[in-house]
Amino acid sequence: YRRFHAAGVTLEHVGDQPGGWLGVKHRSRLHWWLAGRQTATPGAVAVLTGPGGVADTPVGCVLAVAGDVVLGPPPGAALESVTAGVVRELCGGRWREEA
């Protein structure tokens, strides 16, 4: 993932999470492999959405910055991410959960 840090990454929405949002971690990554094959942009990382438009990728959670606020998924809307938890803690009052 070094190229993501050095040059950034292109995210491409390719559809909805199969069967709704899967709320458990499991070893099968078949849906991510299939999603990755649907990207039209070479090197893009697939983004799948779940209920309420919450997005996730095979390599990390999706957070957005709007003005001086960081937007993240509400608890239970996506698989819990250690990184999102640290960002939430660091942001304090500048964190807002978006469904």
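Here are the numbers for this structure:
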item: Number of positions in the stretch 77-99 that are closer than 18 Å to Gly50 by Cα, in contact with a helix residue (DSSP H, G or I) (Cβ under 7 Å, 6 or more places away or on another chain) and open to solvent by 30 Å² or more (accessible area, probe 1.4 Å); result: 1
item: Residue within the stretch 62-76 that is surrounded by 12 or more Cβ atoms within 10 Å (Cβ to Cβ) and closer than 16 Å to Val9 by Cα present; result: yes
item: Residues located in the stretch 18-39, provided they are modelled with pLDDT of 85 or more and of a type in the set (A, V, I, L, M); result: Leu34, Ala35
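One line per residue, one yes/no per condition, for (1) modelled with pLDDT of 85 or more; (2) among the charged types (D, E, K, R):
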site: Ala7; (1), (2): yes, no
site: Thr10; (1), (2): yes, no
site: Asp16; (1), (2): no, yes
site: Thr41; (1), (2): yes, no
site: Asp56; (1), (2): no, yes
site: Gly67; (1), (2): yes, no
site: Ser81; (1), (2): no, no
site: Trp95; (1), (2): yes, no
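The values are calculated or read from the model by the stated rules, or taken from the named source; none is laboratory data. Since this is a predicted model, take the numbers as computed values, not measurements. Positions of Cβ are generated from backbone atoms using ideal geometry, with glycine treated the same way; all protein chains shown enter the neighbour counts. Calculation scope for accessible area: heavy atoms of the full protein, side chains included, ligands and nucleic acids excluded. Shrake-Rupley method; radii C 1.70, N 1.55, O 1.52, S 1.80 Å.
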